[in-house]
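The values are calculated or read from the model by the stated rules, or taken from the named source; none is laboratory data. None of these values were measured; they are calculated from a predicted model. Here Cβ is always computed from backbone atoms with ideal geometry, including for glycine, and neighbour counts include all displayed protein chains. Remember, those area values only see protein heavy atoms, side chains included, never the ligands or the DNA or RNA. Shrake-Rupley method; radii C 1.70, N 1.55, O 1.52, S 1.80 Å.
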Amino acid sequence: MRAARLIKMVLLLQNRPSMTAAELAAELEVSERTVTRDALALSEAGVPVYADRGRAGGYRLVGGYRTRLTGLARGEAEALFLSGLPGALRDMGLEDAASAARLKVSAALLPSLRDAPESAARRFHLDAPGWYQEPETPELLAPVAEAVWDDRWVSARYRRGDGEEVERELQPYGLVLKAGVWYVCARSGSSFRTYRVDRFTAVAVGEERFERDPDFDLSSFWEERAAEFARSILRAEVVVRLTETGARRLPYVTDRAAAGEALATGTAEDGLVRVVLRVESEEVAFGQLLGLGPEVEVLAPAALRERFAEAARGMAERYR
């Protein structure tokens, strides 16, 4: 633990002209007295750490000293590629590894490029969760992430959509963060499946490692399964007529792919466009299409058309 702290202290001083004891203590999460002892230990080990006394004093490295301890460990290198997701790194327990990796990369940069990490952070930030929802970190995300990184078998209890809990022996291949929800793509038996991490009620990471399928591509697998899921939930159809404004707004109130498909095959009818739209259910369609107001007319099914008629009568009465 102390060795890692001493390395970090050297890297911090290598990246900045000078740092006060208070600044180092805050970065290293120790007391200023510990900083003083660590600086003395580094000096005795041959690292030229010099302490400037006085109000504007601080610690610095003498003579352009540069450490050779900038090689990235595997975990640090992997975490570095996720450094644009600070929240995700924290949730998976990789924040410290990413911090160490960034320090090592900064230490290896030319002086003229030292501000590159700060410059990038000022210009780009990825906020993964969707609007109007408070993201929650699944309680068991950290052990699942550990198993993913180390290719370890997992014994888990999983709560299915119907509420039933099942036992699963999984080979976790990868994690996906989609709209604030964590999923793990894992092999169960001979097939690959997707599980919501927040539905795990128990996770035990085994000592045994599994051999990854070299042909498995996480990005392609997720894209294919996400498309299958989107298609699978669109089990009903409604027939509607849309104004030009309604057609333009349709992709913003319903499934975007389904809206695009419907509009591409729609037919002109009395200055409107008649489309057959795939929807999750009549109930869901009612809530979505109601947002188009007078820009849409539901033609079928009859029960849904009558429901819109009742809603229109109710609104007319309300605003009379």
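Of GLY314, ALA262, ALA300, which is farthest along the charge dipole of segment 245-320 in the positive direction, counting Lys and Arg as +1 and Asp and Glu as -1 at C-beta?
Highest projection toward the positive end goes to GLY314.
Take the Cα of THR137, step 7 Å along the line toward its Cβ, and report every residue of segment 164-185 whose backbone nitrogen sits under 19 Å from that point.
175-184
How would you classify segment 132-189 from its alpha-carbon gyration tensor, with a ≥ b ≥ c the square roots of the eigenvalues: rounded for a/c under 1.5, else prolate if a/b is greater than b/c, otherwise oblate?
Working: a/c = 2.04, a/b = 1.23, b/c = 1.66.
It comes out oblate by the Cα gyration axes.
Just to verify a number: FRET efficiency for GLU29 and TYR50, C-beta to C-beta distance, R0 = 30 Å, to 0.05? Present the calculation step by step, with values, prior to reporting the outcome.
On the way: r = 23 Å, r/R0 = 0.78.
Calculated transfer efficiency: 0.80.
Which GluC sites (Glu not before Pro) in segment 196-299 pass both tests, a DSSP loop state and at most 10 other beta-carbon atoms within 10 Å? Show your work: numbers first, answer last.
Working: sites: GLU207, GLU208, GLU211, GLU223, GLU224, GLU228, GLU237, GLU244, GLU261, GLU269, GLU280, GLU282, GLU283, GLU295, GLU297; in loops: GLU211, GLU280.
Within segment 196-299, the qualifying GluC sites (Glu not before Pro) (loop, at most 10 other Cβ atoms within 10 Å) are GLU211.
Express in whole angstrom the spacing between the alpha-carbon centres of segment 262-301 and segment 164-231.
36 Å
What accessible area per residue, rounded to a whole number of Å², is obtained for segment 150-199 using a probe radius of 1.4 Å?
48 Å²
Treating only the Cβ of Lys, Arg, Asp and Glu as charged (+1, +1, -1, -1), what charge dipole size does segment 223-300 show about its Cα centre? Round to the nearest 20 debye.
100 debye
What full-extension length gain, to one decimal in nm, is calculated for VAL239 and SER190 as 0.36 nm per residue of separation minus the Cα-Cα distance?
Values: separation 49, 0.36 × 49 = 17.64 nm, distance 4.12 nm.
Separation in residues times 0.36 nm, less the Cα-Cα distance, equals 13.5 nm.
For segment 271-320, which chymotrypsin sites (Phe, Trp or Tyr not before Pro) are in a loop by DSSP, counting at most 14 other Cβ atoms within 10 Å? It would help to have the intermediate numbers written out before the result.
Working: sites: PHE286, PHE308, TYR319; in loops: TYR319.
Loop-located and lightly packed - TYR319.
Quick one: if the Förster radius is 30 Å, what FRET efficiency do PHE286 and ASP198 give, using the C-beta to C-beta distance and rounding to 0.05? Each step should come with its number before you reach the end.
Details: r = 29 Å, r/R0 = 0.95.
That gives a FRET efficiency of 0.55.
Which residues' amide hydrogens lie under 5 Å from the amide hydrogen of TRP182, considering only partners 5 or more residues apart or on another chain, with H built in the peptide plane?
Here VAL197, ASP198 satisfy the definition.
Just to be sure I understand the model, the point goes 7 Å from the Cα along the line to the Cβ. What's the resulting PHE221 to ALA309 distance in nm?
Result: 5.2 nm between the two label points.
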